[in-house]
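Taken together, the values in this text are just the output of simple stated rules run on the coordinates, not laboratory data. These numbers come from a predicted model, not from an experiment. Note that each Cβ is placed from the backbone with ideal geometry, even for glycine, and that neighbours are counted across all protein chains shown.
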Amino acid sequence: MDYPGTERSKRVWWRGWKGVLCGVVVLAAVAAGGLFARDHYAAAGVEMEVASDGTQLKFKTEGESMAIYKDGKWQPLFVQGVNLGATLPGHFPGELPLSRKDYLRWFGEIKEMGANVIRIYTIHKPVFYDALVEFNRKHGDDPLFFVQGVWSPEEQLIEKRDAYLPEIRDAFKTEINRAVKAVYGDLTLPETKGSASGKYKTNAGPYLLAWSIGTEWDPEMVANTNKQHKDKAQYAGAHFATAAKATPFEAWLAEMVDHAAETERTYGWQHPMSFTNWVTTDVLNHPSEPLFTEDMVSVDATHVKPVDWKAGYLATYHVYPYYPDFFRYEDASGVKTAAAQNKSASAGGAKTAGKPGSDAKDKGKTATSGGSSSASPKKTDEDTYEIYLKRLKAYHKGMPIMITEYGVPSSAGISHQAPLGRSQGGHNEQAQGEIDADLTRIIHDEGYAGAILFMWQDEWFKKTWNTVPMELPEDRRAYWLNVLTNEKQFGVLGMYSGLEGRLRIDGDPKDWSKLKKSEKTKLAADVPGIREMWAAHDEAYVYLSVKLDHDFDPAKEQLFIGSDSLPGGNKHGEELYGRTLDEGLETLISIGADDESEVKIAANYDLEKRLYGYVYGMIDMSAKEIKDDSGLFNPWKLPVSLKMEPPDTKYAHAFEDTDAGRLPRGTNDPADPAYDSLAMWQYKGDFIEMRIPWMLLGLADPSSHQAISYEMPDKAFKLTKTDGIRFLPWILDKATHEVRGLGEASGSGAYPLSQLQPYTWSAWDTVNFAERLKPSYYAMQEIYKTIGEQPKTGG
């Protein structure tokens, strides 16, 4: 992307007396071969304060806000931005495929959105830091800053459950060293699979806003660390120390933050320090949370204190409106519903009681402790997100607190439900933007120091709990877009499958005529009323078009299309109206009135019933449903909450699911005022077109022809190769119940479905995709304009 206009004038470093002081300090250090030589050029366009000891400061904490040094003084700043991933479709994060061109294009779009910061989770390749400095030198009066995350040894921490193990401690300190050196352009990393590498020569330190140490902490690891190291609850370092009530894990964190500070100090700079936290290990008490592990232990930012760190220290949290489950139950007063008042028994120093009179977590909760109640709390329609933020902010009174992850995805699939429609998924891109902007407004209005949205770009490699058992093999998730997996579509920059921009779902056949012959296949459609039928596909969908010999009227008729990808399934059923087939159907597409348009699944192939019914016993799967060719087609559903009962949980929690097979009618043309990113079919006159997500057709990985088999799963489904998909159409007249297609009524033999030529496709290892800014991007742009980087302090 080319950036229009000339380079703006800068307030350069030698202007003003503070700038002169900075220049003297820097030049003297360079002459002496000292620490600041590497800072000289990078800092040339960055205004900063230089302390009496030569320490350079661009950002610091002041009271409950962040402050930026600008125009010769410290000014309050509301941090508004996005988290930035390290990957593209067709790649996993460790491959780090982003180029200088990608970064520069994105930085321009992010800045145009109104963000003043990006947050990265780990060390990127040198090209990230090179590109950011290049971009900022061209935008010197309004640069884009960044928060540098430092990835903890997460897998080791979860496996070993002891943060004090020397190998974990040393590995984390080594990663901290690398992150600091990478930021200041003082590092060479050898080629290592799954990690960044190269020569880091560019100093991006002047554009750093803050440090974010670590990742979301596993509660059982935290609790076990506290239990195993009761004698290590205090730490006193040169820059950070623990408060009196600190736990051993908090002392370990203080040591890591102190190590980061000491490492940065050698480069002559200081930036605000923080460690990552999330609701699971927050400081508040949540009796209405059903899972013990989601409310068993606290990690308290107020138990770590800066001792000698001019840039200051802040708390940061990941807070989503749908997770954990207590967000569905707490009322406006912050008092839990009556049925969830029981507290767990004490078991070994897991939680820390905080300030007197606060609702901080009590000591001693564990994942398996007693005190369960069989009664469930009642759900609420109140704004539990705002209630939670108000309570969390009150606890951290006197220090800045920032929400560094929040947001909802624009996905067809849902994995958690929430009050006020803020569920994890099930939103089109307009709704995503409305919710993201509203959450941003709430965070700002509650007096937080900043809000960093999750996420900049969609990430195809991501997984989520309710599709992971059938999204297999794991190492091929990045090669296709499963729109039922909501985690893949959090971005405000959409990453769309290959035909998204060329095959619009709008009821117009012109797009189909423009496809190359190699991109589409004419299907057999020997059905009175159907002139022709075509199929195409990309990384996310199978596309079908049907040309009738009459105008389609969904009020009067219904189009059915059965799909057959494996031996087995339904050869008869109510929807076949007395006809039988010589081969079974796995799924059944229905196109008609809005409440009729959906994909159903043969009962003995039903993924939800087989895993959560047959295997886990959480829902019923009847003997008839287990039988092959039962004739039953079930709604295609995904679980959003599993059945839980004491003593494994605090109270009984019912199994809940959502209908993932619904096919909304509309258009996915972003130029159309009626644009709906979740639109799956449309018709005009005699032409019907649709797109069906691969997983709804039983595909576990279309890129390698892997289908979900009929074999009963254990924790995950078994796979089998498919040779293709046969599509069988028929039309129902709703008034007369006359069926066109499927041959004659039963008695004249089964319809020879097995003789139809299947729709086939070539396997792929590379992907085609297109970037496009979503409506949610523009919604965020508007809320950023409204906020204008100005904090509402003391909220």
For residue 551, what charge total do you get from the other residues with a beta carbon under 12 Å from its beta carbon, if Lys and Arg give +1 and Asp and Glu give -1?
-> -1
With charges only on Cβ, +1 for K and R and -1 for D and E, what is the dipole size of the chain about its Cα centre, in debye, rounded to 20?
-> 2480
Region 193-265: C-alpha gyration tensor shape, a/c 1.5 cut-off, then a/b vs b/c = oblate
What net charge do the residues around residue 634 carry, taking every other residue with its C-beta under 10 Å from that of residue 634, with Lys and Arg at +1 and Asp and Glu at -1?
-> 0
So what are the ³J(HN,Hα) numbers for region 287-293, from phi and the Karplus equation (6.51, -1.76, 1.60; θ = phi - 60°), rounded to whole Hz, Gly and Pro as x?
-> x, 7, 6, x, 8, 4, 5
Could you work out how far the C-alpha centroid of region 484-553 sits from that of region 710-789, in angstrom?
-> 10
Computed over the chain: longest principal axis from alpha-carbon atoms vs helix 100-113 long axis, angle to nearest 10 degrees, is 90
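Can you give the FRET efficiency to the nearest 0.05 for residue 652 and residue 622, using r as the Cβ-Cβ distance and R₀ = 22 Å?
Efficiency at R0 = 22 Å is approximately 0.40.
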Contour minus end-to-end for residue 790 and residue 394, with contour as 0.36 nm per residue of separation and end-to-end as the Cα-Cα distance?
-> 140.6 nm
Give me the angle, in degrees from 0 to 90, between the Cα long axis of helix 248-265 and the longest principal axis of the Cα atoms of the chain, rounded to the nearest 10.
-> 70
With unit charges on the beta carbon (Lys/Arg positive, Asp/Glu negative), name the residue among 92, 578, 404 whose Cα is farthest towards the positive pole of the charge dipole of the chain.
-> 404
Taking 239, 427, 737 and counting other C-beta atoms within 10 Å, the order from fewest to most = 737, 239, 427
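Going by how many other beta carbons lie within 10 Å of each one, how would you line up 518, 410, 415, fewest first?
518, 415, 410
If you wrap a convex hull around the alpha carbons of region 499-766, what volume per residue comes out, as a whole number of Å³? Kindly include the intermediate steps, with their values, before the conclusion.
Values: hull volume 41.3 nm³, N = 268.
Normalising the Cα hull of region 499-766 by residue number yields 154 Å³.
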Report the FRET efficiency, 1/(1 + (r/R0)^6), for residue 266 and residue 92, where r is their Cβ-Cβ distance and R0 is 41 Å, rounded to 0.05.
-> 0.75
At 37 °C and 0.692 mPa s, what whole-number value in µm²/s does Stokes-Einstein give for the translational diffusion of the chain, with Rh from the Kirkwood sum over Cα pairs?
-> 115
Say each of residue 738 and residue 420 gets a label point 7 Å from the Cα, pointing the same way as Cα to Cβ; how far apart are those two points in nm?
-> 5.4
Cα-Cα over 24 Å, subset of 637/684; 520/684; 60/792; 60/232; 571/734 | 637/684; 60/232
Extension gain from residue 159 to residue 553, taking 0.36 nm per residue of separation minus the Cα-Cα distance = 136.0 nm
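Would you mind calculating the relative contact order of the chain from Cα pairs under 8 angstrom and at least 6 residues apart, reporting the percent as a whole number? Can you show the working numbers first?
On the way: 1936 pairs, mean separation 99.8, N = 795.
So the answer I get is 13 percent.
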Given the pairs 193/650; 514/609; 58/201; 111/390, which span a C-alpha to C-alpha distance of over 31 angstrom in this model?
-> 193/650; 514/609
Taking 575-585, 132-142 and ranking on average Cβ neighbours within 10 Å, highest first, one gets 575-585, 132-142
What area, in nm² and to one decimal, does the C-alpha convex hull of region 69-160 cast on average over all directions?
-> 7.9
Relative to the chain, whose Cα atoms define the longest principal axis, helix 775-787 and its Cα axis are tilted in degrees, nearest 10, by 30
Provide the packing ranking of 530-543, 50-63, i.e. peptides ordered by the mean count of other C-beta atoms within 10 Å per residue, highest first.
-> 530-543, 50-63
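Show that you can apply the helix-only estimate: for the chain, add -39,500 (n - 2.57) for every DSSP H stretch of four or more residues, divide by all residues, and state [θ] at 222 nm to the nearest 500. All intermediate terms of the calculation are to be shown ahead of the outcome.
Values: 13 runs with 151 residues, N = 795.
Rounded to the nearest 500, the figure is -6000 deg cm²/dmol.
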